[in-house]
Amino acid sequence: YLYAYFFNFGVAAEKLGQLQRATHMWEQALALKDDRPVLHQNLGVAYARQGRLPMAREHLQRALALDESYAQAHFNLGNLLYREGELDGALAAFAKAIDTDSQLSGAWQGLGNVHFNRAQWPEALAAYRQALALDPGLASVAFNMAKIHIQTDAPDSAIAALRRVMALAPEDVEALYL
């Protein structure tokens with residue numbers, strides 16, 4: 001009973017933007033039960049958002065040790081590894097997330113970002129196309145696609161991608177100067 005209380009109030013606090021309170025509640029829940037993948041995943045994300053990266057990694061890895069098929073935990077571990085510049089690890093984590101749940105648009109976007117960072121344009125475009133097929137509102141993906149099209153001397157495709165960005169995010173000033 002107490003575990004559910006702390007866990008659910010942590011979720012509510014997070015939804016209200018109270019990350020410190022959410023983290024505290026989840027830490028209380030963890031003291032009662034440490035075998036819940038979703039709890040470790042939530043703590044991992046919360047710690048990452050607070051810049052507590054070693055703890056974030058520990059909890060995301062614990063979530064995956066408890067449930068290897070937890071796509072969201074693979075995705076969030078990929079984000080953490082990407083943030084830390086560990087591109088090989090990020091690539092593997094995003095690929096595992098996609099293998100587990102091919103409908104996870106963020107994992108496709110993350111995969112595209114790794115390839116983008118490595119200037120692997122065809123792979124980045126393929127991943128970004130899949131991300132947009134799953135979530136057509138990802139302006140940042142369309143923006144990265146425009147940058148790739150400029151790099152690969154495909155101006156018509158770049159213009160089409162920039163039009164999409166402007167339709168999705170008209171306040172995106174950077175797109176105006178690309």
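The values are calculated or read from the model by the stated rules, or taken from the named source; none is laboratory data. Just so it is clear, the model here is predicted, and its values are computed rather than measured. A quick note on method: Cβ atoms are made from the backbone with ideal geometry, for glycine too, and the neighbour counts reach across all protein chains shown. Side chains are part of the model used for accessible areas, which takes the heavy atoms of the whole protein and leaves out ligands, DNA and RNA. Shrake-Rupley method; radii C 1.70, N 1.55, O 1.52, S 1.80 Å.
Filtered by the rule that a residue be open to solvent by 50 Å² or more (accessible area, probe 1.4 Å), out of contact with any helix residue (DSSP H, G or I) (no Cβ under 6 Å at 6 or more places or on another chain) and assigned to a helix (DSSP H, G or I), segment 95-105 gives a lone residue, 99. Cβ-Cβ contacts under 7 Å between residues 6 or more apart (or on different chains), taken from a first residue in segment 29-41 that is within 10 Å of residue 2 (Cα to Cα) to a second residue that is open to solvent by 80 Å² or more (accessible area, probe 1.4 Å) and not charged (D, E, K, R), are listed as 32/2. Considering only residues that are outside any loop (DSSP other than H, G, I, E, B), touching a helix residue (DSSP H, G or I) at 6+ places or on another chain (Cβ under 7 Å) and not polar (S, T, N, Q), look in segment 126-141 and name the one that is surrounded by the fewest Cβ atoms within 10 Å (Cβ to Cβ). Across segment 126-141, the extreme among qualifying residues is 134. Answer yes or no as to whether residue 34 is acidic (Asp, Glu) and more than 28 Å from residue 103 (Cα to Cα). So residue 34 fits the description; yes.
Condition check for residue 85 on (1) under 30 Å from residue 52 (Cβ atoms); (2) surrounded by 14 or more Cβ atoms within 10 Å (Cβ to Cβ): one failure, at (2).
To keep it simple, each residue is scored yes or no on (1) farther than 28 Å from residue 46 by Cβ; (2) part of a helix (DSSP H, G or I); (3) open to solvent by less than 50 Å² (accessible area, probe 1.4 Å).
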{"site": "93", "(1), (2), (3)": "no, yes, yes"}
{"site": "107", "(1), (2), (3)": "no, yes, yes"}
{"site": "124", "(1), (2), (3)": "yes, yes, yes"}
{"site": "146", "(1), (2), (3)": "yes, yes, yes"}
{"site": "158", "(1), (2), (3)": "yes, yes, yes"}
{"site": "161", "(1), (2), (3)": "yes, yes, yes"}
{"site": "167", "(1), (2), (3)": "yes, yes, no"}
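Scanning segment 1-35 for residues that are open to solvent by less than 80 Å² (accessible area, probe 1.4 Å) and touching a Gly at 6+ places or on another chain (Cβ under 9 Å) yields 22, 23, 25, 26, 27, 28, 29. For segment 60-84, a residue qualifies if it is without any contact (Cβ under 8 Å) to a residue 12 or more places away in the chain and in a helix (DSSP H, G or I), and exactly one does: 65.
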